[in-house]
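K.L.:
One structure coming up, written as structure tokens, with questions to follow.
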Amino acid sequence: MTQGMVLGGMLLFAGVPFALLTYLMRSGQSGLALTIVSIIGATLAMFIYASGRPFGIDPVLAMMIAMLACIPALLGSTAGAFLGWLLRRQDDRSVK
């Protein structure tokens with residue numbers, strides 16, 4: 001039960017940024033897409049920092065959020081941005 005919920009949550013955290021950044025990159029809004037990737041990366045860095053220092057959040061909770069939410073979101077967003085960029089290039093070639 002809990003393993004399925006963890007896997008489902010990780011897939012959700014990876015799938016939403018994947019779809020969003022694929023759409024953004026394909027529509028030519030690369031600045032907004034890179035801003036979203038930067039925000040996810042900054043959130044990951046903050047949670048990793050909080051897991052090693054007394055920062056006001058439980059270190060185990062901070063590492064759990066970093067590993068189960070931020071890492072899949074960062075991987076999904078970079079894969080989505082890359083796919084969107086490739087699809088945009090293919091669309092640009094077929095127009096000419």
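The values are calculated or read from the model by the stated rules, or taken from the named source; none is laboratory data. Worth saying up front: this structure is predicted, and the values here are computed from it rather than measured. Methodologically, a virtual Cβ is constructed for each residue, glycine included, from the backbone with ideal geometry; neighbour enumeration extends over all protein chains shown. These area figures cover heavy atoms from the full protein model, side chains too; ligands, DNA and RNA do not enter into them. Shrake-Rupley method; radii C 1.70, N 1.55, O 1.52, S 1.80 Å.
K.L.:
Specify which labelled value, from [x] 16, 40, 27, 13, 3; [y] 15, 45, 33, 8; [z] 17, 37, 28, 13, 4, 1, agrees with P(r) over Cα pairs in 10 Å bins from 0, in percent derived from the coordinates of the model shown.
P.N.:
Answer by label: [z].
K.L.:
If you take the beta carbon distance between T43 and M1 as r and set R0 to 22 Å, what does 1/(1 + (r/R0)^6) give as a FRET efficiency, to the nearest 0.05? Mind dumping the intermediate values first?
P.N.:
Numbers: r = 28 Å, r/R0 = 1.26.
In this case the efficiency is close to 0.20.
K.L.:
Compare T78, T35, T22 in a GNM of the chain, Cα atoms joined below 10 Å, and give the one with the largest fluctuation.
P.N.:
So, out of T78, T35, T22, the one fluctuating most is T35.
K.L.:
With θ set to phi - 60° and the Karplus curve 6.51 cos²θ - 1.76 cosθ + 1.60, what are the ³J(HN,Hα) couplings of region 60-67 in order, to the nearest whole Hz, using x for Gly and Pro?
P.N.:
5, 5, 5, 5, 5, 5, 4, 7
K.L.:
I would also like to ask the following. Shape verdict for region 43-96, please, from the Cα gyration tensor: rounded (a/c under 1.5), prolate (a/b greater than b/c) or oblate. Walk me through the intermediate numbers first.
P.N.:
On the way: a/c = 7.79, a/b = 4.57, b/c = 1.71.
Cα axes put region 43-96 in the prolate bin.
K.L.:
Quick one: accessible area per residue over region 32-96, 1.4 Å probe, rounded to a whole number of Å²? List each step's numbers first, then the result.
P.N.:
Numbers: 4210 Å² over 65 residues.
Value for region 32-96: 65 Å² per residue.
K.L.:
Stretch V60-Q29 to full length: gain in nm at 0.36 nm per residue minus the Cα-Cα span? Before the final figure, lay out each step's value.
P.N.:
On the way: separation 31, 0.36 × 31 = 11.16 nm, distance 3.65 nm.
That pair, V60 and Q29, stretches by 7.5 nm at full extension.
K.L.:
May I ask you to give the percent of accessible area on the chain that is carbon plus sulfur, with a probe radius of 1.4 Å?
P.N.:
After summing per-atom areas, the C and S share lands at 73 percent.
K.L.:
Whole-Hz Karplus ³J(HN,Hα) for region 20-29, in order, using 6.51 cos²θ - 1.76 cosθ + 1.60 and θ = phi - 60°, x for Gly and Pro?
P.N.:
Each residue's phi maps through the Karplus curve to give 5, 6, 4, 5, 5, 5, 5, 8, x, 9 Hz.
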